[in-house]
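Notes follow the structure.
Read-outs throughout are calculated quantities, based only on the coordinates presented, and are distinct from any laboratory measurement. As the structure is a computational prediction, the values presented were derived from the model and not from experiment. As a convention, Cβ positions derive from the backbone with ideal geometry for all residues, glycine included, and neighbour counts pool all protein chains shown.
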Amino acid sequence: MKTLYVRIVMTTIFVMIFSGLVSFLISNIYYHYKLKPYNDQKLTRMANEVKSFYEKNPSLTIQDYLENVGDLGYQVLLVDENEKQTFYGGSFKKSQLDRTTIESVLYGKVYHGIAKYPTNWFVTGFFDNSVINTIGVPINHGKNHYALFLRPNVELQFGELRILFSIILGLTILLSIVMVFISTRYIVKPIVKLTEATKIIAEGKYKIRLQIKRKDEIGKLANHFTKMTKKLDQIEQMRQEFVSNVSHEFQSPLTSIQGFSQSLQADDLTDEQRKTFSSIIEKESKRMSLLSKQLLVLASLDKEEEILQKTEYDVAEQIKQIIVTNEWSWRTKNLAIEMELAPTNIFADKNLLHQAWTNLIMNSIKFNKEGGLISVRLSNEHDMVTIEIKDTGIGISENDLPYIFNRFYIADKARMRKESSTGLGLAITKQIIELHNGEIHVESKLNEGSLFLIKIPQM
Ligand code: ADP
């Protein structure tokens with residue numbers, strides 16, 4: 001398996017080699033098409049200078065003169081009429097020159113070997129130390145005719161520079177490779193850390209501290225990762241809390257049922273006691289049954305929006321129906337009901353909303369005072385349906401208010417037994433409303449009453 005580290009190092013080195021090759025090719029093309037003709041002209045001028053100086057100074061011996069030219073940084077080939085060849089300023093690597101070229105120069109023509117030098121993609125002609133890569137000029141000295149071929153002695157002219165450039169290039173390449181190795185480690189390190197962190201999470205440990213302080217994409221990833229682990233940790237804690245709450249909620253009615261059923265077995269019980277005990281048992285088992293039903297609803301609601309089975313129906317009619325069906329409950333408490341429910345069609349999950357309204361209306365009955373009032377209002381504005389359920393009951397204290405939508409939260413624990421509370425109703429209601437992209441708010445004053453306000457999109 002190739003690690004990310006190896007991949008990045010290899011890719012960068014490949015990119016370096018590739019771009020080096022391409023740059024060489026491009027500069028070589030530039031040499032062949034632009035510099036070569038220019039170079040040829042320049043050298044032709046030089047050769048003509050050499051030639052005319054010699055021709056104007058007949059006292060000079062050609063050997064001494066050309067040796068001097070050679071010392072100044074040129075490679076020279078002199079061919080006399082007898083085709084005798086003499087080299088000055090170092091020998092050529094390839095010294096073969098065809099006769100016709102020599103003859104044409106001897107007869108007075110200029111040879112442009114540099115301009116004519118064949119184009120080769122991977123060889124820069126400038127450095128080719130070959131006799132065909134020269135400028136040839138005729139020299140006439142009295143009766144003597146010569147052909148003079150000349151090119152710069154690259155080694156002599158650029159010797160130290162070449163070494164210097166080679167050192168610079170070599171060091172650049174070497175240092176780049178070393179830097180690539182080091183910098184890639186720096187890039188890859190946080191990814192390695194993240195990978196290790198995911199392994200720890202997979203083992204179920206969420207308390208992770210990532211020491212990544214970068215502000216780039218990897219830094220952002222690490223940041224989101226940390227947020228995710230915190231959320232996971234929170235969810236895990238909530239899950240554990242939920243499980244312990246559930247078992248606790250089941251445990252207390254079970255203990256009570258056990259206790260009272262044992263008491264029922266005693267022989268010396270009055271009819272009155274027997275009735276009380278069995279009614280407690282009945283009440284506790286009802287509470288357990290309600291609890292398990294509500295837990296099932298919560299579990300199904302956790303599966304999110306896909307569970308909604310939306311239809312279009314009259315929500316005002318639905319609320320009216322709930323009030324009518326529960327008439328017995330509010331009548332026994334002598335409650336008055338006020339309703340302002342204009343027919344309003346809504347596109348929503350009928351069964352789930354039925355449950356939400358029932359929870360709220362039953363609470364307003366359950367927590368109301370004897371002879372109190374319940375007002376239910378429905379209004380519809382800009383495709384938002386607003387439902388208000390108001391009671392004149394015991395109210396909720398400021399301390400309890402922020403928590404009443406939490407699972408298992410019961411504000412008045414003393415009432416729990418009497419009113420068969422589970423603390424799940426509002427949690428379910430809130431989840432149902434939010435699944436419909438709606439919102440629920442509460443306003444309440446202790447001993448004065450509560451107002452539950454729901455806003456839900458009509459369609
Ligand atoms: P439950 O009704 O089973 O206790 P809920 O989740 O419906 O559970 O309500 C949570 C708590 O919020 C209740 O126990 C009660 O203390 C408080 N509460 C809810 N509705 C009202 C209300 N209309 N008036 C006063 N208190 C309320």
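Charges were assigned to the Cβ only: +1 to each Lys and Arg, -1 to each Asp and Glu. The resulting dipole of the range 282-353 about its Cα centre is roughly 460 debye. Charging the Cβ of each Asp and Glu at -1 and of each Lys and Arg at +1, and nothing else, the dipole of the range 37-89 about its Cα centre rounds to 220 debye. For the range 1-104, trypsin sites (Lys or Arg not before Pro) meeting the loop criterion (DSSP other than H, G, I, E, B) and having at most 15 other Cβ atoms within 10 Å: 2, 84, 93. The phi torsions of the range 254-271, fed into the Karplus equation with coefficients 6.51, -1.76 and 1.60 and a -60° offset, translate into couplings of 5, 4, 4, 4, 4, x, 6, 6, 5, 4, 4, 6, 5, 7, 8, 9, 7, 4 Hz, rounded to whole numbers, with Gly and Pro shown as x. Using 0.36 nm per residue and subtracting the Cα-Cα separation, the extra length available between residue 19 and residue 237 on full extension is 73.0 nm. Considering only 408, 170, 218, the residue lying farthest towards the positive end of the dipole of the chain is 170, judged by Cα position with unit charges set on Cβ.
Put a plus charge on the Cβ of each Lys and Arg, a minus charge on the Cβ of each Asp and Glu, and nothing anywhere else: the dipole of the chain about its Cα centre is then about 1400 debye.
Residue 315: net charge of surrounding residues, Cβ under 14 Å, Lys/Arg +1, Asp/Glu -1, itself excluded? Within the 14 Å Cβ shell, the charges total -2. In order along the range 157-166, phi translates into HN-Hα couplings of 6, 10, x, 5, 4, 4, 4, 4, 5, 4 Hz, rounded to whole numbers, per the Karplus curve 6.51 cos²θ - 1.76 cosθ + 1.60 with θ = phi - 60° and x for Gly and Pro.
Taking a ≥ b ≥ c as the square roots of the Cα gyration tensor eigenvalues, with a/c under 1.5 meaning rounded and otherwise prolate when a/b beats b/c, else oblate, which class fits the range 108-210? Since a/c reaches 1.5 and a/b is larger than b/c, the shape of the range 108-210 is classed as prolate.
The length gained on full extension between residue 121 and residue 333, counted as 0.36 nm times the residue separation minus their Cα-Cα distance, comes to 66.1 nm. Among the GluC sites (Glu not before Pro) in the range 369-414, those placed in a DSSP loop whose Cβ has at most 14 other Cβ atoms within 10 Å are 370, 398.
Count Lys and Arg as plus one, Asp and Glu as minus one, and take only other residues whose Cβ is under 14 Å from that of residue 181; the net charge is then +3. Would you mind classifying the range 186-322 by shape? Square roots of the alpha carbon gyration tensor eigenvalues, ordered a ≥ b ≥ c; an a/c under 1.5 is rounded, otherwise it is prolate if a/b is larger than b/c and oblate if not. Oblate, since a/c reaches 1.5 and b/c is not below a/b. Taking the longest Cα principal axis of the chain as reference, the axis of helix 4-30 is set at about 40 degrees.
Each label was represented as a point 7 Å from its Cα along the Cα-to-Cβ direction; for residue 192 and residue 143 these points are 8.7 nm apart.
Approximating the spin labels as points 7 Å out from Cα along Cα→Cβ, the residue 30-to-residue 154 distance works out to 1.7 nm.
Close amide H contacts of residue 75 (hydrogens built in the peptide plane, cut-off under 5 Å, sequence separation of 5 or more or a different chain): 151, 153. In whole angstrom, note down how far apart the Cα centers of the range 1-78 and the range 88-126 are. Distance between centres, Cα-based: 14 Å. Taking amide H atoms as placed 1.01 Å from N in the peptide plane, the amide H of residue 111 lies under 5 Å from those of 136, 137, each 5 or more residues away in sequence or on another chain. Shape class for the range 362-450, computed from the alpha carbon gyration tensor (a ≥ b ≥ c): oblate, with a/c not under 1.5 and a/b at or below b/c. Residue-wise HN-Hα couplings along the range 104-118, as the Karplus relation 6.51 cos²θ - 1.76 cosθ + 1.60 with θ = phi - 60° gives them from phi, are 5, 6, 4, 8, x, 8, 8, 9, 9, x, 6, 5, 8, 4, x Hz; Gly and Pro carry x. For residue 458, nonlocal amide neighbours, meaning residues 5 or more places apart or on other chains whose placed amide H falls under 5 Å from its own, are 384, 385.
Whole Å is fine, so just give me how far the alpha carbon centre of the range 421-454 lies from that of the range 177-230. For the range 421-454 versus the range 177-230, the Cα centre distance is 42 Å.
Full extension of the segment from residue 289 to residue 185, taken as 0.36 nm per residue of separation minus the current Cα-Cα distance, would add 31.4 nm.
Placing dummy labels 7 Å off each Cα toward the beta-carbon, the span from residue 399 to residue 282 is 3.6 nm.
Of the GluC sites (Glu not before Pro) found in the range 202-244, those in coil by DSSP whose Cβ has at most 13 other Cβ atoms within 10 Å are 203. Among 95, 258, 348, pick out the residue whose Cα is farthest towards the positive end of the charge dipole of the chain, where Lys and Arg carry +1 and Asp and Glu carry -1 on C-beta, about the Cα centre. The residue sitting most towards the positive pole is 95.
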